[in-house]
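Student: So that we are looking at the same thing, I have put the structure below in C-alpha cells.
Only the coordinates and a few stated rules stand behind these numbers; no lab work does. Here the structure is a predicted model, which is why all the values come from computation and not from measurement. Note: ideal-geometry Cβ built from the backbone for every residue, glycine included; neighbour counts use all protein chains shown.
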Amino acid sequence: MPQHHLEQHELANGLRVVLHENRRLPLASLNIWYHVGSRNEETGRTGLAHLFEHMLFQGSAHVSENGHFEHIQSVGGVANGSTWYDRTNYYETLPSNHLELGLWLESDRLGFLLEALTQEKFENQLSVVMNERLQRVDNQPYGQAIERLSELLYRQRDGRSHPYAWPVIGYMEDLEAATLDGVREFFRTWYRPNNAVLTLAGEFDSPRALDQIRRYFEDIPPGSLPQAPQVDGVAEIGPRGTAREVLEDTIELPRSYSAWCLDGYGSDDWYAGAMLATILSAGMMSRLHRDLVYERQIAQSVSALILPTELCATFAVVATCQSREPDALGNAEILEQAVLEHIEAIRAKGPTESELERARRILLLDYRDSEQDLALCADRLSAAATFLDDPELAWNEPDRLVQVDGEQIRYLAERALGQERRAAVVVVPGP
Amino acid sequence: MKDATAPALDRSQPPAAAPSRPCAFPRFEHERLESGVSLWTLDVPDRNLVTVTLLVPGGSELDPPHLAGLASFTAGLRGKGTTHRTALEFAAAAEDLGTAVSASCSWDIAGVGATMRSEDVTAGLELVAEAALEPVFESEEIERARRRRLAEIERRRSDPASLAGAAFARAVYDETPYGNPTIGDRESTQAITRSDIAAFHDRALAARSCHLIAVGDLGPDRLRRAIEDRIERPLKSHAREFEDEPARLEPNQPEKPTRQVVILDRPGAAQTELRIGHVGVPRRHPDRIPIQVANSILGGKFMSRLNLNLRERHGYTYGVSSRFSSRRGPGPFVVGTAVANEVAGAACREIVAELERLCSEPPSEAELDDARNYLVGVFPYTMQTIQNLSSRLKALATFDLDHDEYERWPERIRATTREEVREVCRRHLFPDRLTITAVGPASELESQLEDL
C-alpha cells in the first residue's frame, strides 16, 4: 500500500467520504468536518457554532447523555471536536476493530440529535463554555489581545464586521443571550450530510468500510444550505492606515502584535506567507529570533504565523519584550518598530537563498514528522476536501511550500504587508 | 449502492466489535557500551525518521536549596556553544538538517535530543553528543540565558496556572527540592555562577549513568559508527557512576492529619485556579498499577468521576483532572482545575467528596471494566510516533524499570480488582490531609474556603 494512497466517494445524500488505509498499528481514525464555523454566525449571536459543538457530545436518540465519550473511552478510544472560523470537526481514534462504533456514534448525532436535546443539557454546556472562555481568554494573560487585534483587522470598509472579526468562542454577552432554539436552528441549517466530509485513516478494508459508511449515513437526508457569507476581497479588508491600540492587562512582559490580511488557505500567497513565517521565526537562526531574541536581547520570544482560514488569512507577528524596565510601553514600541523594519527589509529585498533553503528543510521535516499521527492525517484530508475540493491536495502541501521562491515572498510582502494595512495591539502591564 | 440483502440497520444498540489484532510494545535492544553508556535501540523501519536522545544524569531534584534552578540552567546551556562551534554555528548546523537540538531537564534526569531524517542520523547524532558532552559555558551565553530565565520567572508571576502550581508545590513540599520551581527564583537565578554550572555538568559526565536512546529507521550500521566516534570516544575516560544524591525528597508530615488552605490573591481575576492534593508515591512504588487504575476512575480520563461531577453535572468548569506524578521520589498527587470564582468553595467540596467516596467504597465492576479497557485499549494510540516510543524507553532508563514493563503492563492492568483499587486508595489518598491551593480574588474566596 503506497503511503499516500486514498479513495474518495460521494454518497447519494452528498456526504463526501475519504478513505486512507494505513496499517502500521491496529488503529482507525474517524474524522468528520462540517463546513460551518463561527463565520456563519451573526453579530450579537457569536459563539453559537462552538456552543453547538459541545451539544453534539450530549447524546442523541440512541446514545445516552454521556454515552458518546463512555462508548469511546470504554474501548480505549480518544475523541474530541473543535470549532474554527470556517469549520467544525469531530474525531475519534479507535482500536481498529471498533471502527463501526465510531460510525454508529457519528451517524446518530448527525441523523438523530434533536430529539435528545434538552434545556437542562443546554444550560449545563453553556456554563461549561462560559468557563472555557474564562479559562482561555478572560483569565489568561494577554487573553484579550487577539480578540482586539481581529476586531481591528477585520473591520470592513462599509462598517460591517467581516465574519473573522469576532472570536470563535464568542463574546460573553452573546453567550449569555444564547438559547436552545438558536442551537436547534443552527443544527437544522448546517448539520447536513451534504455539508460534511467524512475521512477514515488507519487500519481497515476500504470496500468494507465504505459499505458500513453507506449503511450508517446514506439514509440521513440532505438539506439546502445557505449561501456562503458574502465578503469583500482581501484588498478591501483591513484598516486604511495603521489601526493600533494599546491595552492594559495583568501581565509582566509587554507584548506587541502586528497583523495583516492575506489570501486564504490554498492560495499561492498563503503558501508564500507560510514560508515567510518560517523564515521570520522558526529556529534560532530565523530573522526575528536571531536579531531580537539572540543578538539584541530585546525580545523574550517572537513568533510569526499564518492562520489556515478559507476566506482570507491572518498573517501575524507576536513579539514579547524581555523586560518592562525602564518603560514598558517604550520597550514594546522599540520591539514593534524592530519587527516592522524586518518586514520592510523583506519587502525591499526578499529573503536570501540560504534562508529559504533552511525554511524548506524545517517545514519538510516537520511535515514528515507529523505524518506519524493518524488523527492529524485524517484531519488534513478532511481539510483539503473541504477547503480545496480535493483531498489529494493534502499530500501536495510540502511541494507547494518548497516551490515558493524568494521573489514571490518579496512581492507578497510588498503588496500585503504594508504599514497602511496593518492592525496592531500593544499590551502593557496594567495598573 | 446499498446491499439489498443486508438486514435493516438497528441503531438502538452499539455495533459489536470485530476481532482485535494484538498490539504489543515493539521489541527493542539494550546493551552496555564499552564506556559504560547504556544503548537503547528500537528499529521502526517505515518512517524515514530517527529520534535520538542522550540522557545525562542531573535532574532538578539535585538543585541545592540556595541554587534552585541550577540543573535546568545547566541543561539549557547544552548546545549554546561547544568546543567546536559557537551557539549560532551550532543552531545553523541543526537547522540545516531541518531540526533543532533541544536540551531537556526533568526532576529526575537531563538530556539532549533531536529528530532527523534517517539519512542525517550521523550528523544529527554528532550534534546531540556535542551539545551534551562538550559544552563550553561561555560567560556571554550564561548571561544571555540568565536574562531569559529571569524574564520567564517574571512572566509566570501573572500566569494563574503557573502561580497555582508553584504555590501548591511550596505548600506541600516546603523547603525540600520538589517545593521549588525547576526554573528557580529570582535570587537563586542571580546567584548561580559559571563554576556552579561547570561543576554540575562535570559531575554529570558519568558514562555508566548515561543512556543513548535511538528510535526510528536505524539502518544497518550507520548509527554504530557514529556512536563509536561521538559517544564512546569522549566518554571513555568517564566510565563511572553518577554519585550525587538529592536532599531528602519526602517532606515532614504534620503529626495530626490536617487540611491546609492556601489562597493566593489575584484581585479582579476572572476565574479561580485550584490545585488540590498531597504527597504521592515514587514511580517505582509496587502499587503503581492499581493506583493508575484508581486515578483513571477518579480523574485520569474525560469520563472520570471528577469530570462528570464538576463539568457535566454542575457546569463549574471546562475540565478537571487528577494525576499521580511519575518521579523518582514521592511526587505529588494533584487535582487541577479552573472554576468560576463564585463556585470555588462548592467545587472544592465536590472534589473532597469524590476522594472520600473512592476511599470508602470500591468502584462498581462496570466502572472498573471501563477504566481497565480504556487504559489497555488506548495503549497503541500512545505508541504512534517514534517520539512516543522513545519516551517509553526514557522512562525505563530513568526509573530503572524492568525491561518487560510494557509487555506485562496490559495483563497487570487487566488483573486489577475492585478491592485492590479501594485498598490503594486507602493507602495513598488522604482526603483529610489535603492542601487546597486557590489562586483568585481572595475577597471572594476566603469565606467560601474557610470551613474546608
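Student: Stretch B:Gln253-B:Thr417 to full length: gain in nm at 0.36 nm per residue minus the Cα-Cα span? Intermediate values should be presented prior to the final figure.
Tutor: Details: separation 164, 0.36 × 164 = 59.04 nm, distance 3.02 nm.
So the extension gain works out to 56.0 nm.
Student: When only C-alpha pairs under 8 Å and at least 6 residues apart count, what is the relative contact order of chain B, in percent? Kindly include the intermediate steps, with their values, before the conclusion.
Tutor: Details: 822 pairs, mean separation 90.9, N = 452.
Once divided by the residue count of chain B, the mean separation gives 20 percent.
Student: In addition: Between A:Gln119 and A:Leu376, take the C-beta separation as r, use R0 = 25 Å, and let me know the FRET efficiency to the nearest 0.05. Intermediate results must be reported in sequence, preceding the final value.
Tutor: Values: r = 37 Å, r/R0 = 1.47.
After rounding, the FRET efficiency stands at 0.10.
Student: Which of the lysines could a cross-linker span from B:Lys301 if the Cα-Cα distance has to be under 23 Å and same-chain partners fewer than 8 positions apart are dropped?
Tutor: Partners within reach: A:Lys121.
Student: Find the centroid of the Cα atoms in segment A:123-144 and in segment A:107-121, then give the distance between the two in whole Å.
Tutor: Comparing the Cα centres of segment A:123-144 and segment A:107-121, I get a distance of 24 Å.
Student: Antiparallel versus total DSSP beta bridges in chain A: what percent is that, nearest 5?
Tutor: Working: 47 of 60 bridges.
Of the beta bridges lying entirely in chain A, close to 80 percent run antiparallel.
Student: What area, in nm² and to one decimal, does the C-alpha convex hull of segment A:7-217 cast on average over all directions? Can you show the working numbers first?
Tutor: On the way: hull surface 52.0 nm².
Computing the convex hull of the Cα atoms and averaging its projections yields 13.0 nm².
Student: How about segment B:142-199: which GluC sites (Glu not before Pro) there lie in a loop by DSSP and see at most 16 other Cβ atoms within 10 Å?
Tutor: Values: sites: B:Glu143, B:Glu152, B:Glu154, B:Glu175, B:Glu187; in loops: B:Glu175.
Here the GluC sites (Glu not before Pro) that fit, given the DSSP loop and packing criteria, are B:Glu175.
Student: Using only helices, what value at 222 nm comes out for chain B when you add -39,500 (n - 2.57) per DSSP H run of length 4 or more and divide by the total residues, to the nearest 500 deg cm²/dmol? Before the final figure, lay out the partial values.
Tutor: Numbers: 15 runs with 166 residues, N = 452.
Theoretical 222 nm ellipticity from helices: -11000 deg cm²/dmol.
Student: At A:Gln227 and B:Arg194, where each label point lies 7 Å from the Cα along Cα→Cβ, what is the point-to-point distance in nanometres?
Tutor: 7.0
Student: Provide the convex hull volume over Cα atoms per residue for segment A:309-352, in Å³. Mind showing how you got there, number by number?
Tutor: On the way: hull volume 5.0 nm³, N = 44.
It is 113 Å³ per residue.
Student: Where in segment B:202-303 are there GluC sites (Glu not before Pro) that are in a DSSP coil and have at most 15 other Cβ atoms within 10 angstrom of their Cβ? Please report the intermediate quantities before stating the final value.
Tutor: Numbers: sites: B:Glu228, B:Glu232, B:Glu241, B:Glu243, B:Glu255, B:Glu273; in loops: B:Glu241, B:Glu243, B:Glu255.
Those satisfying the criteria are B:Glu241, B:Glu243, B:Glu255.
Student: Okay, next question. Roughly how many whole Å is it from the C-alpha centroid of segment A:380-429 to that of segment B:174-222?
Tutor: Cα centroid to Cα centroid, the span is 39 Å.
Student: Based on alpha-carbon positions alone, could you give the equivalent ellipsoid semi-axes of segment B:29-238 from the gyration tensor, as √(5λ), descending, whole Å?
Tutor: Details: eigenvalues 196, 63, 60 Å².
Computed over segment B:29-238, the values are 31, 18, 17 Å.
Student: How would you rank A:Leu56, A:Leu27, B:Leu445, going from fewest to most other Cβ atoms within 10 Å of each one's own Cβ? List each step's numbers first, then the result.
Tutor: Working: A:Leu56 21, A:Leu27 28, B:Leu445 25.
Ranking A:Leu56, A:Leu27, B:Leu445 by Cβ neighbours within 10 Å, fewest first, gives A:Leu56, B:Leu445, A:Leu27.
Student: Right, here's the next one. Take every residue in peptide B:364-371, count the Cβ atoms of other chains within 10 Å of its Cβ, and give the average of those counts. It would help to have the intermediate numbers written out before the result.
Tutor: Working: counts 0, 0, 1, 1, 0, 1, 5, 2.
Counting other chains' Cβ atoms within 10 Å and averaging over B:364-371 gives 1.
Student: For a Förster distance of 56 Å, can you work out the FRET efficiency between the beta-carbons of B:Ala442 and B:Glu228, rounded to the nearest 0.05? Can you show the working numbers first?
Tutor: Values: r = 61 Å, r/R0 = 1.09.
The computed FRET efficiency comes out at 0.40.
Student: Taking only Cα atoms of segment B:260-449, what ratio of Rg to Rh do you get with Rh as the Kirkwood inverse-distance radius?
Tutor: Dividing the radius of gyration by the Kirkwood radius yields 1.00.
Student: Please report the net charge: other residues with Cβ closer than 15 Å to the Cβ of A:Ile409, K and R +1, D and E -1. Present the calculation step by step, with values, prior to reporting the outcome.
Tutor: On the way: positive: A:Arg287, A:Arg347, A:Lys349, A:Arg358, A:Arg360, A:Arg400, A:Arg410, A:Arg415; negative: A:Asp263, A:Asp268, A:Asp269, A:Glu344, A:Glu353, A:Glu355, A:Glu357, A:Asp405, A:Glu407, A:Glu414.
Taking every other residue near A:Ile409 into account, the sum is -2.
Student: Have a look at chain A and give its Rg and Dmax from the Cα atoms, expressed in angstrom.
Tutor: Final numbers for Rg and Dmax: 22.6, 68 Å.
Student: Once the Cβ-Cβ distance between B:Asp432 and A:Glu176 is put in as r, and R0 is 41 Å, what FRET efficiency do you end up with, to the nearest 0.05?
Tutor: 0.55
Student: To continue, here is another question. Let me have the relative contact order for chain A, percent, based on Cα pairs under 8 Å that are six or more residues apart.
Tutor: Working: 848 pairs, mean separation 93.6, N = 431.
That works out to 22 percent.
Student: Roughly how many whole Å is it from the C-alpha centroid of segment A:19-65 to that of segment B:280-343?
Tutor: Segment A:19-65 and segment B:280-343 have Cα centres separated by 26 Å.
Student: Anyone know which of A:Asp369, A:Asp174, A:Asp269 comes out most mobile in the 10 Å Cα GNM of chain A?
Tutor: So, out of A:Asp369, A:Asp174, A:Asp269, the one fluctuating most is A:Asp369.
Student: Something else about it: Tell me whether the protein assembly as shown comes out rounded, prolate or oblate; compute the Cα gyration tensor, take square roots of the eigenvalues as a ≥ b ≥ c, and use a/c under 1.5 as the rounded threshold.
Tutor: Rounded, since a/c falls under 1.5.
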